[in-house]
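Working notes for the structure below.
Laboratory data are not the source of any read-out in this text; all were calculated from the coordinates shown. These figures come from a predicted structure and were not determined experimentally. Positions of Cβ are generated from backbone atoms using ideal geometry, with glycine treated the same way; all protein chains shown enter the neighbour counts.
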Amino acid sequence: MIQGIGASAGIAMGKAFVLPNWEWDVPEQKIDVADLAKEFDRLYEGIKTSKFEIEQIKGELRDMVGTEESHIFDAHLAILDDPVFMNEVQGIIQRQYKVAEVAVKEAIDHFVTMFDLLDDEYMKERALDIKDVGNRLLKHLLGAPEITLPMDTQPFILVAKELSPSQLAHLNPNHVLGIVTLAGSTTSHSAIMARALGVPLVVGLDTKLEDPIQTGDMLIIDGSTGVVLIEPTEEVVDRYTRIQSVQLEKKKELHQLAGVSSVTPDGKAVQLAANISSLKELEVAKPVGAHGVGLFRTEFLYMDRIGFPGEEEQFEVYRSVAEKLGDHPVIIRTLDIGGDKQLDYFEIPEEENPFLGYRAIRISLDRKDLFKTQLRAILRASYYGQVKIMYPLISSVEEVQAAQALLGQAKEELRQEEHPFNENIEVGIMIEVPAAAMIADLLADEVDFFSIGTNDLVQFALAVDRMNDQIAHLYEPYHPAVLRLLKMTVDAAKRKGIHVGVCGEMAGDMRALPIWLGLDVDGLSMSSHAILQVKERLLCTRQEDSRSLLEELLACRTSDEIIKQLDSFKQQIDEQRQHTNLCERS
C-alpha cells in the first residue's frame with residue numbers, strides 16, 4: 001500500500017496507463033539578424049494558434065463541467081498575454097539570436113525553476129500552468145503531434161508525473177476510471193477539474209514510490225483516503241469491490257430522496273436550492289430535487305466575449321431559467337466582477353488589494369448604464385417565473401438605496417414601454433462583508449431577504465486569503481467570530497420578518513447543518529452534487545437539538561472546541577439513525 005493524498009473522492013480499480021511527459025527536446029539553434037522578423041512572426045503565429053486551441057478546450061470543458069471550472073483556462077490565456085513572460089521570450093530571440101522554440105523553452109525553464117524554489121504550494125501549481133501553456137506553444141512551433149490517450153474502449157487508471165488542465169480537459173470520463181499523479185496537490189487546477197468531472201484522484205506520490213508504476217499494472221486507488229495499491233491480491237480486490245458497491249448503492253439511495261420534502265423530524269422546513277452559473281448546470285440541479293436556484297451567477301454571460309451583453313440577450317437567458325423552474329424561485333445576482341473575475345474587454349485599473357477594491361456592486365453603481373441594462377433584463381424575465389434580484393458585496397444602506405433608485409428608474413421605463421414585469425419583485429442582498437452583518441438590522445429595513453455568502457464573509461472577518469497556502473490554515477469557517485456574525489445577521493432578519501438563506505460553501509457542509517437549523521435559517525443554496533447528502537442529514541436532525549447545540553457552540557472559545565462539538569453531535573445523530581426511525585421519509 002502507498003499513501004498519497006486524496007484529491008477527488010471515489011474508488012477506482014483497473015489497469016494503469018502511464019502518460020508520457022508532455023515535453024520535447026529543443027536543440028540549440030541560432031539565427032542571423034536578418035531572420036529576426038521571421039522568428040517573431042513564427043512566435044506570434046504560435047501564440048495565436050495556442051490561444052485559439054485554449055478557447056476551444058475551454059468551450060468543450062464548459063459543456064462538460066460548467067462555467068466556473070472552465071475559467072481555469074483564463075489563467076492560461078493570461079500567460080500568453082503576460083508582458084513579463086513574453087518579454088522574456090522576445091528578449092532571448094532579439095538579444096541572443098535564438099529560434100523561437102529555444103527562447104520559449106528557456107523562458108519556461110526560467111519561470112518554472114523560479115516558482116519551484118518558492119515555499120508556496122500555490123505558486124508551485126502556477127508553475128505547472130506556465131509549463132502547460134509553454135509546452136502548447138512549443139508544440140505548435142515544433143509542429144509536434146499531441147500526446148494521445150488509448151483510443152480503445154477499455155477503461156483505465158491514468159498515471160502521470162503531473163497532469164495539466166489541458167490534458168485533463170481532453171479526457172473522456174467514461175474511459176478514465178481514476179487518476180494518479182506523482183506531483184500535485186488538492187488545490188491544483190487539475191484537482192478542481194477532477195472533482196468537477198467526478199473522477200477519483202490521488203496526488204503526491206513522488207517520494208513514496210520505490211518502483212515506478214508501469215502501463216498494464218493493476219491498480220486500486222481511493223480518492224478519499226489517498227491510498228494506492230499496486231497489483232493487489234484477490235482478497236484486497238474483493239474488499240474494495242464491496243466498498244465500491246456500497247458507495248454506488250448509497251448514491252442510488254440518495255437519489256430516491258430527490259422528491260422528498262426537506263423537513264426535519266420536528267417539522268422545520270428548509271429550502272435546499274442550487275448555485276448555478278449556466279443553463280447547463282440547471283439541468284444537473286433539477287434531477288436532484290433542488291428547490292429552485294438560490295444563486296444564479298450572471299458573470300458567465302459577460303465572459304468569453306468581446307463586449308457587454310445587451311438587454312435582449314440577457315433577457316432571453318433569464319427568462320429561460322425562470323420558465324424551466326416553473327413555480328420554483330430563481331435568485332439572480334447582479335454582475336459580480338472584479339477581484340479574481342476579470343473581463344478582457346473591461347479594463348479595471350491595477351489595484352494593490354483587488355478583493356477590497358473596484359468590484360461587484362461598486363462597479364454597477366459606477367457604471368449605471370450597464371447596471372440598468374441588467375436590471376431591465378431581469379425585470380422583464382420576472383413576468384415568466386419566480387424571479388428575485390440580489391445585489392452583491394453590500395456594505396452600507398446608501399448602496400442599497402442607490403441600487404433601488406436605479407431599479408425604480410428601470411421599472412418606470414418598462415411601464416412606459418409597456419413591457420410586462422412583476423411589480424412586486426423581491427429584492428435581496430448578499431451578506432458577505434462584516435460591515436453588512438453589523439448593520440443587518442438597518443439593511444433589513446431596505447430589502448426582502450438576505451443571503452449569507454460565507455466564503456467572503458469568513459475571509460473578510462479573519463483577514464485570510466484562503467488561496468494563499470502560507471495562511472490557508474487560518475481560514476476557519478468555525479471561528480467564534482464567524483459564528484457571532486452569522487447569529488447577528490440571522491437574528492436581525494428574523495426580528496424584521498424577512499427571509500434569510502445561505503449561499504456560500506458552508507451551506508453544503510453537512511458539519512454546519514445544525515448551525516443553520518439552530519439559527520433558524522430559511523434556505524440553503526449549494527452545488528447541486530451536495531443537495532441530496534445535505535437533505536439526508538436534514539431528515540435526521542432535529543431543530544430542537546440543534547438549538548441546544550448552538551448555545552453550547554456560542555460559548556466556545558476556539559475553533560477546535562466548536563469543531564469537536566459539531567463532530568460529537570454528528571456521531572450522536574449517526575448512532576440514533578441505527579436504532580430509530582428518525583430519518584423516516586415523508
Where labels lie 7 Å past Cα in the beta-carbon direction, separation of residue 244 and residue 327 in nm: 4.3 nm
For the chain, calculated [θ]222 nm from helices alone, where every DSSP H run of n ≥ 4 adds -39500 (n - 2.57): -15000 deg cm²/dmol
Chain lengthening between residue 36 and residue 49 when straightened (0.36 nm per residue, less Cα-Cα): 2.7 nm
Table column - 3J(HN,Hα) (Hz), the stretch 84-91, Karplus curve with 6.51, -1.76, 1.60, x for Gly and Pro: 5, 5, 5, 5, 4, 5, 5, x
DSSP bridge pairs, the stretch 256-579: antiparallel proportion in percent, nearest 5: 10 percent
Dipole-positive endmost among 214, 277, 243 within the stretch 204-326 (Cβ charges, Cα centre): 277
Lys/Arg +1, Asp/Glu -1 at C-beta; the chain dipole; positive extreme among 436, 365, 263: 263
Residues with amide H under 5 Å from that of residue 177, placed H, sequence gap 5 or more: 156, 157, 158
Amide H within-cut-off set for residue 337, under 5 Å, with H built and near neighbours excluded: 360
DSSP bridge orientation in the chain - percent antiparallel, rounded to nearest 5: 30 percent
Residue 366/residue 397 FRET efficiency (R0 22 Å; Cβ-Cβ; nearest 0.05): 0.75
Vicinal HN-Hα couplings computed from phi for the stretch 541-549 (Karplus, 6.51 cos²θ - 1.76 cosθ + 1.60; Hz; Gly/Pro x): 10, 7, 5, 4, 5, 5, 5, 5, 5
The chain - charge dipole about Cα centre, Lys and Arg +1 at Cβ, Asp and Glu -1, debye rounded to 20: 1340 debye
Amide H contacts of residue 271 (H built 1.01 Å from N, under 5 Å, at least 5 apart or other chain): 523, 524
Separation in nanometres of the label points that stand 7 Å from Cα toward Cβ, at residue 475 and residue 312: 4.2 nm
Over 20 Å (Cα to Cα) - which of 250/535; 38/98; 286/535; 286/341; 324/368; 494/570 fall in this group: 286/341; 324/368; 494/570
Förster radius 30 Å - calculated FRET efficiency between residue 495 and residue 427 (Cβ-Cβ, nearest 0.05): 0.95
Counting DSSP beta bridges with both ends in the stretch 194-338, the antiparallel % (nearest 5): 45 percent
Candidate values (i) 18, 49, 29, 4, 0; (ii) 23, 59, 18, 0; (iii) 15, 33, 31, 15, 5, 2, 0, 0, label of the one derived for P(r) over Cα pairs in 20 Å bins from 0, in percent: (i)
Computed lengthening from residue 409 to residue 218, 0.36 nm per intervening residue step minus Cα-Cα distance: 62.1 nm
For the stretch 474-480, 3J(HN,Hα) per residue [Karplus equation, 6.51 cos²θ - 1.76 cosθ + 1.60, θ = phi - 60°, Hz, x = Gly/Pro]: 8, 6, 10, x, 9, 5, x
FRET efficiency for residue 78 and residue 3, using Cβ-Cβ distance with R0 set to 25 Å, rounded to 0.05: 0.10
